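The values are calculated or read from the model by the stated rules, or taken from the named source; none is laboratory data. For clarity, every value in this text was computed on a predicted model and none was experimentally measured. Please note: Cβ atoms are built from the backbone with ideal geometry, for glycine as well, and neighbour counts cover all protein chains shown. Note: accessible area is taken over every heavy atom of the protein model, side chains too, but ligands, DNA and RNA are not part of it. Shrake-Rupley method; radii C 1.70, N 1.55, O 1.52, S 1.80 Å.
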Amino acid sequence: MTVSTDITLLHIAPETAHCDAEYRIGQGMSGSNKPSNWSLEVGDNYINVQVVSLEHSEPWIVSRYTVKVYRESLTEHEARFDESQTHDICYLPQECSLKIYPSLPCGVTHLVASTWTQYKRDQESLPPCTHAYAEGRWVLPCSKCTPEGRCYWREAMWMAKECRYVLPAIDDLRTCMAGKKLLFIGDSTVRGMMFQLMERLNGSLHTWNKAHSTRSFGIPKNISLGFTYYPQFFLPKKKQPVFEKVLYLLLRRLRPLSNDDKTVLVVGGVQWLSPHHIQVIKKALAKYVWYTGQVP
(Lines give C-alpha, C1' and ligand atoms only; values in the text may rest on other atoms or scores of the structure.)
Protein backbone atom coordinates (compact mmCIF):
# COMPACT_ATOMS: atom_id res chain seq x y z
CA MET A 1 0.00 0.00 0.00
CA THR A 2 1.30 3.49 -0.88
CA VAL A 3 0.00 6.67 0.77
CA SER A 4 0.83 10.32 0.21
CA THR A 5 3.11 12.29 2.51
CA ASP A 6 0.20 14.05 4.24
CA ILE A 7 -1.09 10.72 5.61
CA THR A 8 0.63 10.37 8.98
CA LEU A 9 -1.77 8.04 10.81
CA LEU A 10 -3.29 4.71 9.82
CA HIS A 11 -6.31 3.27 11.64
CA ILE A 12 -6.10 -0.53 11.80
CA ALA A 13 -9.20 -2.52 12.70
CA PRO A 14 -8.87 -6.21 11.64
CA GLU A 15 -11.75 -8.67 11.79
CA THR A 16 -11.43 -12.43 12.35
CA ALA A 17 -13.51 -14.92 10.35
CA HIS A 18 -14.41 -17.01 13.42
CA CYS A 19 -15.58 -16.14 16.91
CA ASP A 20 -13.04 -18.53 18.48
CA ALA A 21 -10.14 -16.40 17.23
CA GLU A 22 -8.91 -12.86 17.73
CA TYR A 23 -6.14 -10.66 16.38
CA ARG A 24 -3.03 -9.03 17.86
CA ILE A 25 -1.58 -5.89 16.29
CA GLY A 26 2.13 -5.51 16.93
CA GLN A 27 4.70 -8.01 18.12
CA GLY A 28 3.49 -11.48 19.08
CA MET A 29 1.01 -12.18 21.86
CA SER A 30 1.75 -8.85 23.54
CA GLY A 31 0.16 -6.92 20.67
CA SER A 32 -3.09 -5.02 20.98
CA ASN A 33 -6.39 -6.85 20.42
CA LYS A 34 -8.27 -3.61 19.82
CA PRO A 35 -8.36 -1.27 16.80
CA SER A 36 -5.21 0.85 16.80
CA ASN A 37 -3.87 4.05 15.29
CA TRP A 38 -0.44 3.46 13.75
CA SER A 39 1.89 6.39 13.12
CA LEU A 40 3.51 6.30 9.67
CA GLU A 41 7.07 7.36 9.01
CA VAL A 42 8.37 8.38 5.60
CA GLY A 43 9.32 5.30 3.57
CA ASP A 44 8.49 1.69 4.37
CA ASN A 45 6.37 0.86 7.44
CA TYR A 46 5.74 -2.74 8.52
CA ILE A 47 2.74 -3.57 10.70
CA ASN A 48 2.43 -7.10 12.08
CA VAL A 49 -0.96 -8.70 12.67
CA GLN A 50 -1.28 -12.13 14.32
CA VAL A 51 -4.37 -14.35 14.35
CA VAL A 52 -4.71 -16.07 17.74
CA SER A 53 -6.75 -19.23 18.36
CA LEU A 54 -8.84 -19.26 21.57
CA GLU A 55 -9.88 -22.91 21.26
CA HIS A 56 -7.17 -24.20 23.61
CA SER A 57 -6.41 -23.78 27.31
CA GLU A 58 -3.90 -21.10 26.36
CA PRO A 59 -4.18 -19.01 23.18
CA TRP A 60 -1.59 -19.52 20.49
CA ILE A 61 -0.74 -17.82 17.21
CA VAL A 62 -2.04 -19.72 14.18
CA SER A 63 -1.09 -17.26 11.43
CA ARG A 64 0.82 -14.04 10.88
CA TYR A 65 0.38 -11.19 8.42
CA THR A 66 2.61 -8.22 7.67
CA VAL A 67 1.06 -5.08 6.22
CA LYS A 68 3.58 -2.98 4.30
CA VAL A 69 2.71 0.69 3.93
CA TYR A 70 4.94 3.01 1.94
CA ARG A 71 4.53 6.69 2.85
CA GLU A 72 5.79 9.00 0.13
CA SER A 73 8.29 11.69 1.00
CA LEU A 74 7.61 15.38 0.46
CA THR A 75 9.96 15.33 -2.54
CA GLU A 76 8.57 12.13 -4.14
CA HIS A 77 7.09 13.81 -7.22
CA GLU A 78 9.09 17.04 -7.12
CA ALA A 79 9.77 18.69 -10.49
CA ARG A 80 13.28 19.51 -11.68
CA PHE A 81 14.55 22.74 -10.11
CA ASP A 82 16.33 25.52 -12.03
CA GLU A 83 18.04 27.71 -9.45
CA SER A 84 18.94 30.36 -12.04
CA GLN A 85 15.26 31.31 -12.39
CA THR A 86 13.59 33.85 -10.11
CA HIS A 87 11.42 32.27 -7.42
CA ASP A 88 9.60 33.29 -4.30
CA ILE A 89 11.97 32.64 -1.41
CA CYS A 90 9.82 31.37 1.45
CA TYR A 91 10.32 30.28 5.04
CA LEU A 92 8.40 27.86 7.22
CA PRO A 93 7.76 29.30 10.71
CA GLN A 94 5.67 26.26 11.75
CA GLU A 95 3.39 23.59 10.34
CA CYS A 96 -0.28 24.57 10.27
CA SER A 97 -1.26 21.07 11.45
CA LEU A 98 1.15 21.33 14.43
CA LYS A 99 0.81 24.98 15.33
CA ILE A 100 2.69 25.80 18.53
CA TYR A 101 3.11 29.59 18.47
CA PRO A 102 -0.30 31.34 18.11
CA SER A 103 1.26 34.70 17.24
CA LEU A 104 3.29 33.36 14.30
CA PRO A 105 2.03 32.49 10.81
CA CYS A 106 2.05 28.90 9.61
CA GLY A 107 2.86 27.22 6.32
CA VAL A 108 5.24 28.57 3.69
CA THR A 109 5.49 32.36 4.11
CA HIS A 110 6.94 34.88 1.66
CA LEU A 111 10.39 36.24 2.40
CA VAL A 112 11.74 37.81 -0.81
CA ALA A 113 11.72 37.34 -4.60
CA SER A 114 15.13 36.26 -5.88
CA THR A 115 17.04 33.49 -7.57
CA TRP A 116 17.99 30.71 -5.17
CA THR A 117 21.66 31.11 -6.16
CA GLN A 118 21.66 34.82 -5.30
CA TYR A 119 19.82 34.30 -2.02
CA LYS A 120 22.35 31.70 -0.85
CA ARG A 121 25.17 34.01 -1.91
CA ASP A 122 23.64 36.84 0.14
CA GLN A 123 23.47 34.53 3.17
CA GLU A 124 27.15 33.68 2.78
CA SER A 125 27.99 37.39 3.14
CA LEU A 126 26.49 37.49 6.66
CA PRO A 127 28.87 37.31 9.64
CA PRO A 128 29.43 33.85 11.20
CA CYS A 129 27.13 32.96 14.11
CA THR A 130 28.95 33.27 17.45
CA HIS A 131 26.81 30.67 19.24
CA ALA A 132 24.94 27.50 18.30
CA TYR A 133 21.51 28.73 19.42
CA ALA A 134 21.23 31.64 16.98
CA GLU A 135 17.60 31.81 15.86
CA GLY A 136 17.01 30.06 12.55
CA ARG A 137 14.29 28.90 10.18
CA TRP A 138 13.68 26.63 7.20
CA VAL A 139 14.08 28.55 3.92
CA LEU A 140 13.25 27.21 0.45
CA PRO A 141 12.36 28.36 -3.09
CA CYS A 142 8.76 28.08 -4.36
CA SER A 143 6.84 29.13 -7.44
CA LYS A 144 4.56 30.93 -4.97
CA CYS A 145 4.47 31.04 -1.17
CA THR A 146 0.89 29.79 -1.11
CA PRO A 147 -0.74 26.39 -0.48
CA GLU A 148 -1.28 25.94 -4.23
CA GLY A 149 2.29 27.00 -5.08
CA ARG A 150 4.93 24.43 -6.02
CA CYS A 151 7.84 24.31 -3.56
CA TYR A 152 11.20 22.63 -4.01
CA TRP A 153 11.71 20.86 -0.71
CA ARG A 154 14.96 19.19 -1.78
CA GLU A 155 16.53 22.67 -1.72
CA ALA A 156 15.26 23.55 1.78
CA MET A 157 17.99 24.74 4.14
CA TRP A 158 18.05 25.66 7.82
CA MET A 159 19.41 29.21 7.93
CA ALA A 160 20.02 31.67 10.73
CA LYS A 161 18.17 34.98 10.50
CA GLU A 162 21.00 37.43 11.15
CA CYS A 163 24.18 35.40 10.75
CA ARG A 164 25.39 32.28 8.95
CA TYR A 165 26.04 28.87 10.43
CA VAL A 166 29.51 27.54 9.82
CA LEU A 167 29.66 23.82 9.10
CA PRO A 168 32.77 22.43 10.80
CA ALA A 169 35.27 20.45 8.79
CA ILE A 170 35.09 16.69 9.40
CA ASP A 171 38.52 16.59 11.08
CA ASP A 172 37.50 19.41 13.43
CA LEU A 173 34.20 17.68 14.20
CA ARG A 174 35.97 14.40 15.00
CA THR A 175 38.42 16.18 17.27
CA CYS A 176 35.56 17.97 19.06
CA MET A 177 33.61 14.74 19.55
CA ALA A 178 36.56 12.51 20.52
CA GLY A 179 35.90 10.61 23.76
CA LYS A 180 32.33 11.86 24.07
CA LYS A 181 29.16 9.92 24.84
CA LEU A 182 26.05 11.22 23.10
CA LEU A 183 22.63 10.06 24.32
CA PHE A 184 19.49 10.65 22.22
CA ILE A 185 15.91 10.21 23.46
CA GLY A 186 12.95 10.94 21.21
CA ASP A 187 11.10 10.07 18.03
CA SER A 188 12.20 9.60 14.42
CA THR A 189 13.35 13.24 14.15
CA VAL A 190 15.87 12.78 16.97
CA ARG A 191 16.90 9.40 15.57
CA GLY A 192 17.55 11.08 12.21
CA MET A 193 19.75 13.69 13.92
CA MET A 194 21.84 10.93 15.46
CA PHE A 195 22.31 9.09 12.16
CA GLN A 196 23.16 12.36 10.39
CA LEU A 197 25.87 13.02 12.97
CA MET A 198 27.17 9.45 12.57
CA GLU A 199 27.34 9.93 8.82
CA ARG A 200 29.30 13.17 9.21
CA LEU A 201 31.75 11.59 11.64
CA ASN A 202 32.23 8.42 9.59
CA GLY A 203 32.10 9.93 6.12
CA SER A 204 29.41 7.33 5.34
CA LEU A 205 26.56 5.55 7.09
CA HIS A 206 27.03 1.78 7.35
CA THR A 207 24.18 1.11 9.80
CA TRP A 208 20.71 2.63 9.59
CA ASN A 209 17.27 1.42 10.54
CA LYS A 210 14.00 2.67 11.96
CA ALA A 211 14.83 1.60 15.50
CA HIS A 212 11.90 1.81 17.93
CA SER A 213 13.88 0.46 20.85
CA THR A 214 17.25 1.18 22.49
CA ARG A 215 20.38 1.04 20.34
CA SER A 216 24.01 1.94 20.92
CA PHE A 217 26.88 2.50 18.52
CA GLY A 218 30.62 2.94 18.77
CA ILE A 219 32.64 4.78 16.13
CA PRO A 220 36.34 5.74 15.82
CA LYS A 221 38.02 8.17 18.24
CA ASN A 222 36.23 6.53 21.18
CA ILE A 223 32.88 8.18 20.34
CA SER A 224 29.79 6.42 21.71
CA LEU A 225 26.20 7.12 20.67
CA GLY A 226 22.99 5.72 22.14
CA PHE A 227 19.35 6.13 21.14
CA THR A 228 16.07 5.12 22.70
CA TYR A 229 12.67 5.68 21.11
CA TYR A 230 10.04 7.59 23.08
CA PRO A 231 7.05 7.69 23.29
CA GLN A 232 6.37 4.09 22.21
CA PHE A 233 2.91 4.88 20.88
CA PHE A 234 2.72 1.61 18.92
CA LEU A 235 2.37 -0.48 22.10
CA PRO A 236 -0.94 -0.91 23.96
CA LYS A 237 -1.34 2.00 26.37
CA LYS A 238 -0.91 -0.19 29.48
CA LYS A 239 2.36 -1.59 28.13
CA GLN A 240 3.97 1.68 27.08
CA PRO A 241 7.05 2.28 29.30
CA VAL A 242 7.08 5.48 31.34
CA PHE A 243 9.69 8.09 30.55
CA GLU A 244 11.76 7.31 33.68
CA LYS A 245 12.22 3.68 32.58
CA VAL A 246 13.26 4.65 29.05
CA LEU A 247 15.73 7.21 30.40
CA TYR A 248 17.36 4.82 32.87
CA LEU A 249 17.65 2.13 30.21
CA LEU A 250 19.64 4.49 28.00
CA LEU A 251 21.82 5.66 30.89
CA ARG A 252 22.66 2.05 31.75
CA ARG A 253 23.54 1.25 28.16
CA LEU A 254 26.24 3.96 27.96
CA ARG A 255 27.61 4.02 31.51
CA PRO A 256 29.88 5.05 33.07
CA LEU A 257 28.97 8.70 32.47
CA SER A 258 30.70 11.84 33.71
CA ASN A 259 29.50 15.28 34.77
CA ASP A 260 31.40 17.25 32.11
CA ASP A 261 31.38 18.03 28.42
CA LYS A 262 32.18 14.38 27.62
CA THR A 263 28.49 13.53 28.14
CA VAL A 264 25.81 15.07 25.89
CA LEU A 265 22.07 14.35 26.25
CA VAL A 266 19.69 15.25 23.40
CA VAL A 267 15.95 15.03 24.12
CA GLY A 268 13.16 16.05 21.77
CA GLY A 269 10.13 15.14 19.70
CA VAL A 270 6.83 16.30 18.31
CA GLN A 271 4.67 17.86 21.04
CA TRP A 272 5.27 15.26 23.79
CA LEU A 273 8.04 16.98 25.73
CA SER A 274 6.70 18.74 28.83
CA PRO A 275 8.12 20.35 32.02
CA HIS A 276 7.53 17.00 33.75
CA HIS A 277 10.04 15.28 31.48
CA ILE A 278 12.64 17.98 32.17
CA GLN A 279 12.23 17.49 35.92
CA VAL A 280 12.59 13.71 35.53
CA ILE A 281 15.84 14.22 33.60
CA LYS A 282 17.26 16.64 36.17
CA LYS A 283 16.40 14.31 39.05
CA ALA A 284 17.86 11.24 37.35
CA LEU A 285 21.12 12.90 36.36
CA ALA A 286 21.64 14.55 39.74
CA LYS A 287 20.74 11.57 41.89
CA TYR A 288 22.23 8.62 40.05
CA VAL A 289 24.82 9.65 37.52
CA TRP A 290 26.87 12.53 38.83
CA TYR A 291 26.73 11.93 42.59
CA THR A 292 27.20 8.16 42.69
CA GLY A 293 28.37 7.32 39.19
CA GLN A 294 25.72 4.57 39.15
CA VAL A 295 22.44 4.02 37.38
CA PRO A 296 19.78 1.96 39.22
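Laid out as a table, the results:
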quantity	calculated
Of Asn33, Thr117, Leu173, farthest towards positive along the dipole that unit charges on Lys, Arg, Asp, Glu beta carbons give the chain	Leu173
List Val190, Val108, Val67, ordered by accessible area with a 1.4 Å probe, largest first	Val67, Val108, Val190
Largest-first principal axis extents of the Cα set of the chain (Å)	74, 54, 39
Potential lengthening between Ser4 and Met157 on full extension [0.36 nm per residue; Cα-Cα distance subtracted]	52.8 nm
In Å², nearest 10: area of Asp122 left accessible to a 1.4 Å probe	70
Out-of-range pairs (alpha-carbon distance over 22 Å; input Lys99/Lys239; Lys239/Lys262; Lys68/Lys245; Lys34/Lys237; Lys221/Lys262)	Lys99/Lys239; Lys239/Lys262; Lys68/Lys245
Cut-off under 5 Å, modelled amide H: who pairs with Asp187 long-range	Tyr230, Gly268, Val270
Percent antiparallel among DSSP beta bridges (both partners in the chain, rounded to 5)	75
Heavy-atom SASA rank of Lys181, Lys237 (probe 1.4 Å, accessible area, largest first)	Lys237, Lys181
Accessible area per residue in Å² at 1.4 Å probe, computed on region 95-177	68
Largest to smallest accessible area among Lys68, Lys34 [probe 1.4 Å]	Lys34, Lys68
Solvent accessible area, Å² - Phe195, 1.4 Å probe, full protein context	10
Relative contact order of the chain, pairs being alpha-carbon contacts under 8 Å that are 6 or more residues apart, as %	12
Unit charges on C-beta of K, R, D, E only; dipole of region 1-127, Debye	160
Carbon/sulfur fraction of accessible area - the chain, other protein chains in place, 1.4 Å, %	54
For the chain, calculated [θ]222 nm from helices alone, where every DSSP H run of n ≥ 4 adds -39500 (n - 2.57)	-5500 deg cm²/dmol
